[in-house]
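The structure under discussion appears below in the form of structure tokens.
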Amino acid sequence: MTVKRRNHGRSKKGRGHVKFIRCDNCFQACPKDKAIKRFNVRNMIEAAAKRDMAEASVYESYDVPKVYYKQQHCVGCAIHNRIVRVRSRVNRRNRAPPPRFRQEFKKPAAAVKASA
């Protein structure tokens, strides 16, 4: 029988059974090792409200706390919401994680000249 994926779409590997989780989107029961998991980190307040709070605040600098939320989706919802994409047969063999795009904060040019 042909096999589409080396791990059969799961990361179970020697365990006989894995607990089920519920998809955050459709509430479908899905094995925990098969679910697509993403860790979501957001500011508790959006940017516009953050600026208003900074103006009204007594403190000069206050770091707004972040919300840490682990999302768990079934395969169908993850594809539908574009959390993961369908890959060709050749690209399915690629097990490397996708590249991370992080914003690098650069100093303003005036601050660099003033310190020199």
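Key figures for this structure:
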| read-out | value |
| --- | --- |
| Estimated 222 nm signal from helices in the chain, with DSSP H stretches of n ≥ 4 weighted -39500 (n - 2.57), rounded to 500 | -5000 deg cm²/dmol |
| Accessible heavy-atom area order of LYS19, LYS34, highest first, probe of 1.4 Å | LYS19, LYS34 |
| ³J(HN,Hα), Karplus 6.51/-1.76/1.60, whole Hz, each residue of the stretch 27-39, x for Gly, Pro | 6, 6, 6, 9, x, 4, 6, 8, 5, 8, 10, 9, 9 |
| Cysteines (scope the chain) whose Cβ has no counterpart Cys Cβ under 4.7 Å | CYS26, CYS77 |
| Positive-end residue, the stretch 27-69 charge dipole about Cα centroid, Cβ charges, pick of VAL64, ILE45, GLN28 | GLN28 |
| Solvent-accessible ranking of ASP52, ASP33, largest area first, probe 1.4 Å | ASP52, ASP33 |
| Rounded to whole Hz, the Karplus (6.51, -1.76, 1.60) HN-Hα couplings of the stretch 75-85, x for glycine and proline | 4, x, 6, 5, 6, 5, 8, 6, 6, 10, 10 |
| All-pairs Cα distance distribution in the chain, expressed in whole percent, bin size 5 Å | 2, 8, 11, 14, 14, 13, 9, 8, 7, 6, 5, 2, 1, 0 |
| Above-threshold pairs, the threshold being 32 Å between Cα atoms, out of LYS13/LYS66; LYS12/LYS50; LYS19/LYS66 | LYS13/LYS66; LYS12/LYS50 |
| Karplus-derived 3J(HN,Hα), 6.51/-1.76/1.60, for each residue of the stretch 52-57, Hz, glycine and proline x | 4, 5, 5, 5, 8, 7 |
| In Å², nearest 10: area of CYS77 left accessible to a 1.4 Å probe | 20 Å² |
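The values are calculated or read from the model by the stated rules, or taken from the named source; none is laboratory data. Computed from a predicted structure; not experimentally measured. No Cβ is skipped: glycine too gets one built from the backbone with ideal geometry, and neighbour counts run over all protein chains shown. These accessible areas exclude ligands, DNA and RNA; they are computed on the full protein's heavy atoms, side chains included. Shrake-Rupley method; radii C 1.70, N 1.55, O 1.52, S 1.80 Å.
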